[in-house]
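See structure below.
Throughout, read-outs are computed from the coordinates displayed, never taken from laboratory work. Note that the structure is a prediction, hence the values are computed from the model and not measured. As a convention, Cβ positions derive from the backbone with ideal geometry for all residues, glycine included, and neighbour counts pool all protein chains shown.
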Amino acid sequence: MPGFYLACLITIFAEMMILKNKEEIELMRQSALLVSKTLAEVAKVLRPGISSIALDKMIGEIIRDHKAVPSFLDYRGYPFNSCISVNDVVVHGFPNDQPLKEGDIVSIDVGVILNEWHGDHAYTFAIGDPGAEVAQLIRVTKESLYKGIEKAVAGNRVGDISFAIQEHTEKKYGYGVVRELVGHGLGKSMHEDPQVPNYGKRNDGKKLKEGLVLAIEPMINLGTRKVYTEEDGWTVRTEDHKPSVHFEHDVCVKKGKADILSNYAPIEAAEKANVNLFSAYSKELVV
Ligand code: MF3
Ligand code: CO
C-alpha cells in the first residue's frame, strides 16, 4: 500500500509557522551542530564489515555524552537512535547487524533534542567505489540541496525551494523525486509547519519569513520515483530497487542569504580522510 504512511506524517505538522528569535536560532545551531559532529564521528569509523546497528549504538552514545536525547528513538514508536538507509532504502531504514560492504551507499539520518531544541540532518556516504552512475546521483542530490537552500530567503515561497530541487534532479538528470516524503519546519518539535516538498512550482506555497527554520531534505532515486513501505511500518524502499540518496540540512531563513545551521565541513573532512569512503564526486558523468 504505497502512500499509506503519508497521511500519518502529514497530520503531525503544526498548523502555524513558528518564527525563531536570535537566541533561539543560536540554540538551534547548537542542536544542528551536535548532529553534524555525530555524523562526522560516524564517518571516521565507516568501513566494510561494520554493521549499521554498531553505528546506531555509537550515535546514541555520542548524543547522550553531550547531554542531549536522540529524538528519533520512540518517535511514533520508532525503535532506534538513527535511521540508516542502505542502497534501495530511501529513508527510515532500521539499523541491523548485517555487515556493510564495498559498493554500499548509506544514508545516515540523526536527530537530537538539546536544550529543548531539535536538530535533524542527514548525509549519504559511499563505502568504496559506488560506480560512476551512483556517484553522480550522490553528487547531484547534494547539489540540489544547496540549490534549494539558495532559495530559502525571506520573501520567497516554499515552492521556490521545491522547484529548485526538482529542476536540478528530475528535469536535468531524469532522476526520481520522491513525492510521499517531504522536508519540514523544525523547532521545539521535529515536524513543524511548513512542509517542504522536493517538487513544486515557483512562487507557490507559503511565504518564507526571517527566523523560519527548515529541514530541507531531498530524497532522490536513480530510477523510478515510486516507493513503498515495508511491513515494519517504517522502511521506505524504491519500487524498482535502484539506489536512492538523501541529504538534509537545517536552515534558517534570512534576508538575502539563508543561514545553514548544520555543517557538512567536519563530515566531509572525515569522509576525505577515511580511505574506505568514496569522495571523488567532482566529475560529470559522460554518457
Ligand atoms: N529526517 C526524518 C524526518 O524528518 C527523520 C524522522 S525519523 C523518525 O522525518 F524515526 F524519527 F521518524
Ligand atoms: Co527531517
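Descriptive notes on the structure:
- Against the numbered list (1) away from ligand 2 (no atom under 16 Å from the Cβ); (2) closer than 30 Å to residue 23 by Cα; (3) of a type in the set (Val, Ile, Thr), residue 229 comes up short only at (2).
- The one condition from (1) within 16 Å of ligand 2 (Cβ to nearest atom); (2) in contact with a His (Cβ under 8 Å, 6 or more places away or on another chain); (3) of a type in the set (A, V, I, L, M) that residue 140 does not meet is (1).
- Among the residues of region 46-79, the one identified as over 20 Å from the mean Cα position of the chain (by Cα), assigned to a helix (DSSP H, G or I) and aliphatic (A, V, I, L, M) is 54.
- Filter pass, residue 206 being farther than 24 Å from residue 239 by Cβ, touching a Pro at 6+ places or on another chain (Cβ under 9 Å) and away from ligand 1 (no atom under 16 Å from the Cβ): yes
- Pick from region 212-256, criterion part of a loop (DSSP other than H, G, I, E, B) and touching a Pro at 6+ places or on another chain (Cβ under 7 Å), ranking: surrounded by the fewest Cβ atoms within 10 Å (Cβ to Cβ): 226
- Of all residues in region 96-110, those satisfying the criterion of being in contact with a helix residue (DSSP H, G or I) (Cβ under 7 Å, 6 or more places away or on another chain) and within 16 Å of ligand 2 (Cβ to nearest atom) are 108, 110.
- Criterion applied to 216, 220 was being in contact with a Phe, Trp or Tyr (Cβ under 6 Å, 6 or more places away or on another chain), under 22 Å from residue 176 (Cβ atoms) and within 16 Å of ligand 2 (Cβ to nearest atom), and the one residue passing it is 220.
- Scanning region 71-92 for residues that are buried (at least 19 other Cβ atoms within 10 Å of the Cβ) and within 14 Å of ligand 2 (Cβ to nearest atom) gives 71, 72, 82, 83, 85, 90, 91, 92.
- Residue within region 217-229 that is in contact (Cβ under 8 Å) with a residue 40 or more places away in the chain, of a type in the set (Phe, Trp, Tyr) and over 26 Å from residue 75 (Cβ atoms) present: no
- The number of residues in region 15-69 being over 17 Å from residue 116 (Cα atoms) and of a type in the set (A, V, I, L, M) comes to 15.
- Flag for residue 119 being out of contact with any Leu (no Cβ under 9 Å at 6 or more places or on another chain) and either more than 24 Å from residue 266 (Cα to Cα) or of a type in the set (Gly, Ala, Ser) (or both): no
- Selection status of residue 258, under 24 Å from residue 129 (Cα atoms), more than 16 Å from ligand 2 (Cβ to nearest atom) and among the aliphatic types (A, V, I, L, M): no
- None of 150, 133, 167 is closer than 22 Å to residue 237 by Cα and not aliphatic (A, V, I, L, M) except 133.
- When each of 158, 213, 153, 140 is tested for being under 22 Å from residue 25 (Cβ atoms), more than 16 Å from ligand 1 (Cβ to nearest atom) and of a type in the set (Val, Ile, Thr), the lone residue that passes is 153.
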